[in-house]
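Trainee: Below: one structure in structure tokens.
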Amino acid sequence: MRRDFTDRDDLVAYLRHEFPSAAAIDPHVSPILGGRRQALGLLQQIQPARYAASRNYLAGAVTHLSPYIRHGVLTLAEVRDFALRRVANPFEALKFITELAWRDYWQRLYTAWGRGIALDREPYKTGHTDYADTLPPDLREARTGLACMDAFSRQLQETGYLHNHARMWMAAYVVHFRRVRWQAGAEWFLQHLLDGDPASNHLSWQWVASTFSHRPYFFNRENLEKYTGGSYCRECPARGHCDFEGTYDELSQRLFPIALDS
Amino acid sequence: MSSANASSPLLWIHEDCISPTSPPFAEYPLAPAVWVWDDSLDWSLKRIVFVYECLLELPVAIERGDPVAVLQSEAERMGAERIVTVQSPSPRWAEIRSALRLPVEVLEPIPFVELRGTVDLKRFSRYWKRAQTPALLPGGTSPS
């Protein structure tokens with residue numbers, strides 16, 4: 001295949017022509033550029049000490065290194081070693097390095113389980129068994145009427161990137177609020193995320209679903225509002241009456257009444 | 001030197017090792033390298049663009065088709081008697097590797113942490129109990 005291109009537009013036009021089925025899945029091209037030069041530039045900007053306190057916020061000091069780590073453009077080891085050089089004490093980088101370790105952990109499980117990562121590792125702890133097999137079209141088409149989920153859906157499909165917290169909210173929405181089996185959402189993510197890795201992706205979805213964790217992960221509107229700075233809730237047509245309103249206890253009663261009874 | 005080392009190998013660069021610092025390039029800096037787009041991939045265009053941009057920074061021939069057939073024919077064309085690649089947990093990678101008729105040298109990726117013996121992976125917390133100390137050290141290895 002070709003290696004010489006006049007610019008990015010030339011490359012994209014070529015790939016659109018060569019991979020029509022990929023363009024049919026989704027025609028967008030991410031603003032995130034590939035390559036080690038780009039990755040090393042981002043690596044210079046990491047703030048491991050600030051990361052711990054701010055990483056759950058959409059505007060937090062996250063690194064955007066995951067697509068490069070996914071493809072071995074950067075190794076976990078070199079990112080960790082670089083982070084350690086940025087702090088006076090290794091424990092200042094503990095949270096940052098713990099998140100790197102999650103990828104190492106998922107990769108070890110992938111080695112052990114192979115395609116078994118796509119199977120429920122444990123029963124759901126939600127009390128439900130009636131999960132739909134396919135993703136709701138309104139989510140794929142970003143017309144759920146929930147400003148947050150519609151924005152995340154568009155961002156996923158248009159850029160191939162989602163903040164980790166947005167991934168968790170979206171996965172919880174798909175599995176627990178829409179009651180769709182996690183595999184449908186996981187496969188959708190894998191088509192689009194530039195860092196889409198079968199192990200990290202599938203096993204994180206299983207963690208949210210409760211098929212690889214002790215309990216289901218879910219969230220309420222207050223949590224989402226806090227970590228997004230309220231940007232979605234302010235403009236949401238469902239403001240004040242969305243699916244995520246309520247305390248964690250109330251939502252738990254609503255979402256998992258059978259599990260709570262047993 | 002064994003006969004397997006007499007000729008230059010063909011480096012097989014796959015989706016887990018797209019870096020100029022990847023072990024095959026470090027070990028065999030002068031050997032030809034190839035990437036094969038596997039038509040079984042179900043990716044959207046943006047993922048392909050991203051990976052293609054990564055590949056353009058590497059000294060690698062970009063091919064497409066059935067990976068086994070392409071690797072075999074490229075090795076034959078270049079007179080390579082073996083293929084060198086990096087270990088991957090991907091079952092697809094294992095299928096391709098086992099279907100290759102040429103000898104395959106598999107290099108270990110650079111580890112995050114080196115953990116000896118069996119590691120309990122039941123939950124992250126159990127893994128982390130073993131991994132935390134070396135993970136916080138440069139190189140990921142506890143001093144012995």
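Trainee: Give, as a single signed number, the net charge of other residues whose beta carbon lies under 12 Å from the beta carbon of A:ARG70, with Lys and Arg counted +1 and Asp and Glu -1.
Mentor: On the way: positive: A:ARG103, B:ARG47; negative: A:ASP195, A:ASP197, B:GLU15, B:ASP16.
Cβ neighbours under 12 Å give a net charge of -2.
Trainee: Could you tell me the relative contact order of chain B? Use alpha-carbon pairs under 8 Å, at least six residues apart, and round to a whole percent.
Mentor: 24 percent
Trainee: Hey, in the GNM for chain B with a 10 angstrom Cα cutoff, which one of B:ALA80, B:ALA69, B:ALA131 fluctuates hardest?
Mentor: Top of the fluctuation ranking is B:ALA131.
Trainee: Roughly how many debye, to the nearest 20, is the charge dipole of region A:137-261 about its Cα centre, given +1 on each Lys and Arg Cβ, -1 on each Asp and Glu Cβ, and no other charges?
Mentor: Working: 13 positive and 15 negative charges, 16 e Å.
The dipole magnitude comes to about 80 debye.
Trainee: Take the Cα radius of gyration of region B:98-142 and divide it by 2.2 N^0.38 Å, with N its residue count; two decimals is plenty. Please list the in-between numbers first.
Mentor: On the way: Rg = 14.8 Å, N = 45, 2.2 N^0.38 = 9.3 Å.
For region B:98-142, the normalised Cα radius of gyration is 1.59.
Trainee: Quote the relative contact order of region A:187-262 in percent (integer), defining contacts as alpha-carbon pairs under 8 Å separated by 6+ residues. List each step's numbers first, then the result.
Mentor: Working: 39 pairs, mean separation 13.2, N = 76.
It rounds to 17 percent for region A:187-262.
Trainee: Continuing with this model, one more query. Between the DSSP loop rule and a limit of at most 15 other Cβ atoms within 10 Å, which GluC sites (Glu not before Pro) in region A:168-252 are left? Write out the running numbers ahead of the final one.
Mentor: On the way: sites: A:GLU187, A:GLU222, A:GLU225, A:GLU235, A:GLU245, A:GLU250; in loops: A:GLU245.
In loop regions of region A:168-252 (DSSP not H, G, I, E or B), the sparsely surrounded GluC sites (Glu not before Pro) are A:GLU245.
Trainee: Another question, then. What do you get for Rg/Rh of chain B when both radii come from the Cα atoms and Rh is the Kirkwood radius? Display every interim value, and only then the final one.
Mentor: Numbers: Rg = 17.5 Å, Rh = 17.1 Å.
Reported Rg/Rh, Kirkwood definition of Rh: 1.02.
Trainee: Right, something else. Based on a Kirkwood Rh over C-alpha pairs, give the Stokes-Einstein translational diffusion coefficient of the protein assembly as shown at 25 °C and viscosity 0.890 mPa s in µm²/s. Can you show the working numbers first?
Mentor: Working: Rh = 22.8 Å.
Approximately 108 µm²/s, per Stokes-Einstein.
Trainee: A further question on this structure: Within 10 Å of each candidate Cβ there may be at most 13 other Cβ atoms; applying that plus a DSSP loop requirement, which trypsin sites (Lys or Arg not before Pro) in region A:1-91 survive?
Mentor: Working: sites: A:ARG2, A:ARG3, A:ARG8, A:ARG16, A:ARG36, A:ARG37, A:ARG50, A:ARG55, A:ARG70, A:ARG80, A:ARG85, A:ARG86; in loops: A:ARG2, A:ARG3, A:ARG55, A:ARG86.
Those satisfying the criteria are A:ARG2, A:ARG3.
Trainee: Let me ask something additional. For region A:62-119, would you read off the P(r) tail past 15 Å as a percentage of all alpha carbon pairs?
Mentor: Roughly 55 percent, rounded to a whole number.
Trainee: Rounded to two decimals, what is the ratio between the C-alpha radius of gyration of region A:1-121 and 2.2 N^0.38 Å?
Mentor: Details: Rg = 17.9 Å, N = 121, 2.2 N^0.38 = 13.6 Å.
Relative to the rule-of-thumb radius for its length, region A:1-121 sits at 1.32.
Trainee: Using the basic label-point model (7 angstrom from Cα toward the beta carbon), what is the B:GLU27 to B:LEU41 distance in nanometres?
Mentor: Simple spin-label model gives 2.3 nm for this pair.
Trainee: Please give me the summed charge of the neighbours of A:GLN47: other residues whose Cβ is under 12 Å from its Cβ, Lys and Arg +1, Asp and Glu -1. Spell out each step's value before the answer.
Mentor: On the way: positive: A:ARG50, A:ARG55, A:ARG86, A:LYS95; negative: A:GLU92.
Within the 12 Å Cβ shell, the charges total +3.
Trainee: Sum -39500 (n - 2.57) across every DSSP H segment of at least 4 residues in chain B, then divide by the residue count to get the 222 nm mean residue ellipticity, nearest 500.
Mentor: Helices in chain B give a 222 nm mean residue ellipticity of -10000 deg cm²/dmol.
Trainee: Here's another thing I want to ask about it. Which residue fluctuates the most in chain B, going by a Gaussian network model with Cα springs under 10 Å, if the choices are B:PRO20, B:PRO111, B:PRO59?
Mentor: Residue with maximal mean-square fluctuation among B:PRO20, B:PRO111, B:PRO59: B:PRO111.
Trainee: Now for a separate question. Restricting to region B:3-107, what percent of DSSP beta bridges are antiparallel, rounded to 5?
Mentor: On the way: 0 of 13 bridges.
Here the share of antiparallel DSSP bridges comes out near 0 percent.
Trainee: If I model a spin label at A:ARG239 and B:GLU114 as a point 7 Å from the Cα along the Cα→Cβ vector, what separation in nanometres do I get?
Mentor: Result: 5.8 nm between the two label points.
Trainee: For B:ALA69 paired with B:LYS129, estimate the spin-label separation in nm (one decimal), with each label point 7 Å from Cα along the Cα-to-Cβ line.
Mentor: 5.1 nm
Trainee: If you add up the charges near A:ALA61, with Lys and Arg at +1 and Asp and Glu at -1, over every other residue whose beta carbon is less than 9 angstrom from its beta carbon, what do you get?
Mentor: Details: positive: A:ARG50, A:ARG55; negative: none.
Residues near A:ALA61 contribute +2 overall.
Rule-based calculations on the coordinates, nothing more; no lab input. If you're wondering where the values come from, they're calculated on a predicted model, not measured in any experiment. Every residue, glycine as well, gets a Cβ built from its backbone with ideal geometry; the counts of neighbours run over all protein chains shown.
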